[in-house]
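Rule-based calculations on the coordinates, nothing more; no lab input. These numbers were taken from a predicted model, which means no experiment stands behind them. So basically every Cβ, Gly included, is an ideal-geometry build from the backbone, and we count neighbours across all protein chains shown.
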Amino acid sequence: MSQKQQQLDEFFDFLRFPSISTDSAHKDDVDRCADYLIEKFGSMGLEASKYATPGHPIVIAKSAPKADRPTVLIYGHYDVQPIDPIEGWATPPFEPTLIDDKIFCRGATDNKGQHFSHILGVEETLKQHGELPVNVIFLLEGEEEIGSPNLAPFLEQNRDLLAADICAVSDTGMLAPGVPTMTYGLRGISCLEFTLHGPKGDLHSGVYGGAVANPALMVSRLVAKLHDETGRVLIPHFYDDVIPLADWEREMWASLPDGDASTMAETGVSALWGEQGYTALEQRWARPTAEVNGIGGGYQGEGSKTVIPRSAMAKLSFRLVPDQDPAAIARHAKEFLESQCPEGCRIDVEIGHDGPAYVMDPHSQHGKAAQAALEKTFGSAPRLIREGGSIPIIQAIHDILGIDSLLLGLALPDCQIHAPNENFYLENFYGGIRLNQALLEELGSA
Ligand code: BES
Ligand code: ZN
């Protein structure tokens, strides 16, 4: 069997674990997936350990440390998102399927494919040279998709174990196939959920409609108060700590292929929406938002049912930029929602998980090494972008371990992460292996 085929087979085995972190029915699958990694690292000669947490385990693997070289922490997450809506999948979600040049499977891009490439890159370098140009520590968690609740405490308690000079992460986007992309910023996040309680029970909407506040209607009205007509968020103090976009960033992004057009093409919408005065890329990468991720209440079944539901709810999340404080934003949002609670209803606001935004200097010594590795691997100078998605632990890695993270993403715009038919571009699987080899080499001599 060719080496490439063997690498692909191993990747497929890894993908078959339905390691859905949010669903307790999959707890054992998440655990078995961690065991698979332990075994893989062991076979490469790395010292691997599984650390139990109150949730899912953390996997650590280390190369034999050599005093004369820098240490690189490689972070990734082996947990995946749920598969619903299941009817949207063209192939079984946990049976990796190669169609043309893409591997379809939940987790293929987010994040198994992206960090498995790093693992295989290290394996290949060890096979070729018997040693690595740097010391490597893999840190792979099983809870990223649920907000990494146990990882920051683990970092706090294991500073020595995890001591490194720089962190490398492939869990972000790549602008287009073959276009090397370095992400130097991520948005943060703050989540909450609120419920409006109205009458003491469901009511006949003919008998009582018109005289009693309908919680489903009131949730819509409340949600509609989050923005003004120009897309600005109306929560008091929401923008207080926002660092405005720098001119050099706006200029740099303006030179990328038309982001408004690509945003429309990627999403299939007929018009863009959002805060005026910003391009789509600026809105997505560097401006804060208030989003509704779910809204519900009342009858959802077939046909009609004339009811005023006793309660209705919405799940909100806010994407944040430097220097917004996630806890403060959640507090301001809670106060705003409570202050706007319609008469005749009672509101319950439950604050969820959060994480701050992250930004680093792409021209630092390590940043330059990462850019050189990207150029070597993909053959052109990397584009420098920020991303709209969040990896909350990246700021914690900075604050607790005192190191920056190099975000070298391999996720293409049509990779469908978090959605049915998630896929990973085969070229990026092999490209990721080469990227890891080039990166460790550059960092070794930086
Ligand atoms: N890999 C993504 C984050 C991402 C996606 C960054 C695309 C840049 C581009 C990550 O797995 C993710 O989905 N994060 C969640 C975090 C949340 C659950 C705390 C997110 O952004 O919604
Ligand atoms: Zn994700």
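Annotation for the range 120-205: GluC sites (Glu not before Pro) lying in DSSP loop with at most 14 further Cβ atoms inside 10 Å of their Cβ are 131. When DSSP beta bridges are restricted to pairs lying wholly in the chain, around 70% turn out antiparallel. When the inverse distances between all different Cα atoms of the range 143-223 are averaged and flipped, the Kirkwood radius reads 18.7 angstrom. Our Cα-only numbers for the range 8-54 put the radius of gyration and Dmax at 11.6, 33 Å. Between the range 170-201 and the range 410-446, how many Å separate their Cα centres? Comparing the Cα centres of the range 170-201 and the range 410-446, I get a distance of 20 Å.
Mean residue ellipticity, 222 nm, helices only, the chain: the sum of -39500 (n - 2.57) across DSSP H runs of n ≥ 4, divided by residue count and rounded to 500, is -10000 deg cm²/dmol. With the simple spin-label model, which puts each label point 7 Å out from Cα in the Cβ direction, the residue 53 to residue 239 separation comes to 3.6 nm. Legend: calculated FRET efficiency, residue 261 to residue 430, from the Cβ-Cβ distance at R0 = 41 Å, rounded to 0.05, equals 0.85. The loop-placed chymotrypsin sites (Phe, Trp or Tyr not before Pro) in the range 223-330, going by DSSP, that have at most 12 neighbouring Cβ atoms within 10 Å of their Cβ come out as 273.
Only residues of the range 281-325 count here: report those whose backbone N is under 19 Å from the spot 7 Å along Cα→Cβ of residue 208, or say none. Within reach of a label on residue 208: 296-300, 305-313.
Note on residue 39 and residue 348: their simple-model spin labels are 4.4 nm apart, each label 7 Å out from Cα toward Cβ. Would you work out if the range 211-266 is rounded, prolate or oblate? Take a ≥ b ≥ c from the square roots of the eigenvalues of the alpha-carbon gyration tensor; rounded if a/c is under 1.5, else prolate when a/b is larger than b/c, oblate otherwise. Oblate. Can you give the Kirkwood hydrodynamic radius for the range 32-170, in Å, rounded to one decimal and based on Cα pairs? Taking every pair of different Cα atoms in the range 32-170, averaging 1/r and inverting gives 16.1 Å. Both the radius of gyration and Dmax for the range 374-446 are 14.3, 42 Å, in that order, over alpha-carbon atoms. The alpha-carbon positions of the range 240-374 define a convex hull whose volume is 199 Å³ per residue.
For the range 334-399, trypsin sites (Lys or Arg not before Pro) meeting the loop criterion (DSSP other than H, G, I, E, B) and having at most 13 other Cβ atoms within 10 Å: none. Using the Cα gyration tensor of the range 156-203, with a ≥ b ≥ c the square roots of its eigenvalues, what is the shape: rounded (a/c below 1.5), prolate (a/b larger than b/c) or oblate (neither)? Taking the square roots of the gyration eigenvalues as a ≥ b ≥ c, the range 156-203 is oblate. Kirkwood-type hydrodynamic radius, the range 170-309: 18.9 Å, calculated from all non-identical alpha-carbon pairs. Largest GNM mean-square fluctuation across 277, 303, 45, computed for the chain with C-alpha springs under 10 Å, falls on 303. Under a Gaussian network description of the chain, with springs only between Cα atoms under 10 Å, the residue in 402, 185, 209 that fluctuates furthest is 209. Between residue 306 and residue 84, the simple spin-label model (points 7 angstrom out along Cα→Cβ) gives 3.1 nm. Distance between the C-alpha centres of the range 317-373 and the range 30-56: 32 Å, rounded to the whole angstrom. The value obtained for the chain, namely the Cα convex hull volume divided by the number of residues, is 159 Å³ per residue. Does the range 56-124 classify as rounded, prolate or oblate by the C-alpha gyration tensor (a ≥ b ≥ c root eigenvalues; a/c under 1.5 gives rounded; else a/b over b/c gives prolate, otherwise oblate)? Taking the square roots of the gyration eigenvalues as a ≥ b ≥ c, the range 56-124 is prolate.
Computed FRET efficiency, Cβ-Cβ of residue 9 and residue 339, R0 56 Å: what is it to the nearest 0.05? Plugging the Cβ-Cβ distance into 1/(1 + (r/R0)^6) gives 0.45. Computed over every Cα-Cα pair of the range 277-342 and binned at 10 Å starting from 0, the pair-distance distribution P(r) comes out as 16, 34, 28, 17, 5 percent.
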